[in-house]
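Following: one structure in structure tokens, then a few remarks.
Derivation of every value follows stated rules applied to the coordinates shown; laboratory data play no part. Fair warning: this is a prediction, and the values are worked out from it, not measured in the lab. Please note: Cβ atoms are built from the backbone with ideal geometry, for glycine as well, and neighbour counts cover all protein chains shown.
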Amino acid sequence: MVNRNKAISLFEGRAAILATMHGKEKVVAPIFKKQLGLDVRIPSNFDTDHFGTFTNEIRRVGTQLETAIEKSISACYKLNYTIGISSEGAFNPHPQVPFVILNREIVSFIDVVHDIQIFGEALTTSTNYNQKQIYDIDEAVAFCKTAKFPEHAVIIRSKHYELSLKGISDWDELERAYNRVYKIYGEVVIETDMRAMYNPLRMENIKAATENLVNKIFQLCPSCDFPGFDIVEKRRGLLCNHCELPTEGIKASIYQCQKCDWREERLFPNGKEKEDASNCYFCNP
Ligand SMILES: [Zn+2]
Ligand SMILES: [Zn+2]
């Protein structure tokens with residue numbers, strides 16, 4: 001049983017800055033308030049877009065996690081807070097399932113007083129992420145009908161991003177935007193607007209990543225009680241249930257404390273002590 005009070009005592013009554021201009025506080029703030037008594041605030045003016053946007057106008061330089069951490073730190077120092085939170089999303093082809101897009105959301109948490117850095121993540125294929133070059137307004141309408149429009153907004157833009165009309169969420173506006181871009185550029189691209197406040201599906205996944213983060217905060221080091229005791233390595237070698245030879249199956253997770261470096265091996269994290277022979281290289285080559 002985890003000692004939740006120990007984690008709460010580190011954060012209760014403090015204030016954190018959430019580096020967002022995209023309404024993420026709606027799902028993030030209530031979770032921190034309820035679970036940790038932490039007050040999450042948003043900046044009145046903080047440009048997160050220079051860290052990279054989905055529309056490729058500004059490319060992200062670091063990895064997704066690096067960008068999230070950098071945003072949290074930068075918000076802390078610029079806005080004078082000791083706790084910084086930020087989130088970063090990515091949409092990529094699913095590594096195992098063809099033609100399916102995987103949304104990975106990361107929420108990072110930095111406490112400069114206690115020198116804590118923890119992140120949560122959530123993966124889902126439940127996303128409307130899509131884009132298409134179109135040639136008439138009917139195609140725009142057809143695209144929107146598959147994109148959960150108008151609850152989810154779209155962007156109408158020129159092919160090379162000279163003009164991007166974002167946050168479009170009604171049918172008249174769609175037609176006006178299409179005509180405007182078409183008139184100037186003769187080429188139109190329509191895409192889903194993935195900014196959190198324009199995309200309820202993404203907002204749901206940011207909520208799930210925040211819950212994952214708070215769960216990790218409550219994972220305390222068995223040796224020093226520091227929060228964020230987390231998996232740093234997974235060990236393969238689960239034995240085959242037929243030939244007893246080691247397989248690629250995960251045998252153990254290695255946890256490590258970021259404060260005192262205490263390490264712990266936890267066996268059979270996937271709840272099985274033997275690998276099925278169908279996944280064994282020797283039994284089923
Ligand atoms: Zn420790
Ligand atoms: Zn085997």
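Below are the figures for this structure:
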| read-out | value |
| --- | --- |
| Angle between the chain longest axis and helix 200-217 axis [Cα atoms, degrees, rounded to 10] | 20 |
| Full-extension gain in nm, E211 to K26, via 0.36 nm per residue minus C-alpha separation | 65.2 nm |
| Computed magnitude of the charge dipole of region 230-279 (debye, nearest 20; Cβ of K, R +1, Cβ of D, E -1) | 100 |
| Furthest towards positive pole of dipole, T210, V40, S253, structure part the chain, Cβ charges | V40 |
| Ellipsoid semi-axes in whole angstrom, largest first, where each is sqrt(5λ) of the Cα gyration tensor of the chain | 39, 29, 14 |
| Debye, to nearest 20: dipole size of the chain, +1 on Lys, Arg Cβ, -1 on Asp, Glu Cβ | 400 |
| Rough spin-label spacing in nm, given labels placed 7 Å along Cα→Cβ, for E187 and E151 | 3.5 |
| FRET E, pair V141, S278, Förster distance 45 Å, beta-carbon r, rounded to 0.05 | 0.45 |
| Estimated FRET transfer efficiency when R0 is 45 angstrom, pair L123-R41 (beta carbons, to 0.05) | 0.95 |
| Förster-model FRET efficiency, 30 Å R0, S169 and V113, C-beta, rounded to 0.05 | 0.15 |
| Quarter of Cα convex hull surface for region 230-279, i.e. mean projection, nm² | 3.3 |
| Length-normalised contact order for the chain - Cα pairs under 8 Å, 6+ apart - percent | 14 |
| Expected 222 nm ellipticity per residue - DSSP helices of 4 or more, -39500 (n - 2.57), all of the chain, to 500 | -8500 deg cm²/dmol |
| Gain upon complete extension [N179, H94; 0.36 nm per residue less C-alpha separation] | 27.2 nm |
| Cα-based helix-to-principal-axis angle, 171-185 vs the chain, degrees rounded to 10 | 70 |
